[in-house]
Amino acid sequence: QVQLVESGGGLVQAGGSLRLSCATSGRTFSSNTMAWFRQAPGKERAFVAAIRWSGGNTYYADSVKGRFTISRDSAKNSVLLQMNSLKPEDTAVYYCAAGAPTTRVSLERGYDYWGQGTQVTVSS
């Protein structure tokens, strides 16, 4: 069983930075992609970024391009999300996900495992 544990959320002022971490454990060999999604109050969960374990290809939602960076630490089986120039609209619960999506990496159905989420709040 795969377990994902997010950390690093918190409260930050607009323009500030946060770094989220997702630690993985268990049988992760079937998952070739890690991703971050977020869910803002009253909204559906939305794709943020993804990275392939092999090759390191990265993918971003348009709303975070140039501000967020996803990276992986294969030795530690962890994935990071560096978030810079944060805006109040980035406020959400951020979820880490693992899977092997066969179509677009931005679709939730491509991911089999999810973390519990970590709250990110950006004040104006």
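Condition check ((1) more than 13 Å from residue 111 (Cα to Cα); (2) surrounded by 17 or more Cβ atoms within 10 Å (Cβ to Cβ); (3) charged (D, E, K, R)) across all residues:
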site: 4; (1), (2), (3): no, yes, no
site: 14; (1), (2), (3): yes, no, no
site: 17; (1), (2), (3): yes, no, no
site: 30; (1), (2), (3): no, no, no
site: 54; (1), (2), (3): yes, no, no
site: 62; (1), (2), (3): yes, no, yes
site: 65; (1), (2), (3): yes, no, yes
site: 70; (1), (2), (3): yes, yes, no
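Of the residues making up the range 55-78, just one is at pLDDT 95 or above, aliphatic (A, V, I, L, M) and either in contact with a Gly (Cβ under 7 Å, 6 or more places away or on another chain) or over 21 Å from residue 11 (Cα atoms) (or both), namely 61. Residue count for the range 1-55, restricted to those that are of a type in the set (A, V, I, L, M, F, W, C) and free of Cβ contacts under 8 Å to residues at least 12 places away in the same chain: 1.
Scanning the range 74-120 for residues that are open to solvent by 50 Å² or more (accessible area, probe 1.4 Å) and part of a strand (DSSP E or B) yields 82, 112, 113, 114, 119.
The values are calculated or read from the model by the stated rules, or taken from the named source; none is laboratory data. Values in this document were obtained by computation on a predicted structure and should not be read as measured data. FYI the Cβ positions are ideal-geometry reconstructions off the backbone, even for glycines, and counts take in every protein chain you see. Side chains are part of the model used for accessible areas, which takes the heavy atoms of the whole protein and leaves out ligands, DNA and RNA. Shrake-Rupley method; radii C 1.70, N 1.55, O 1.52, S 1.80 Å.
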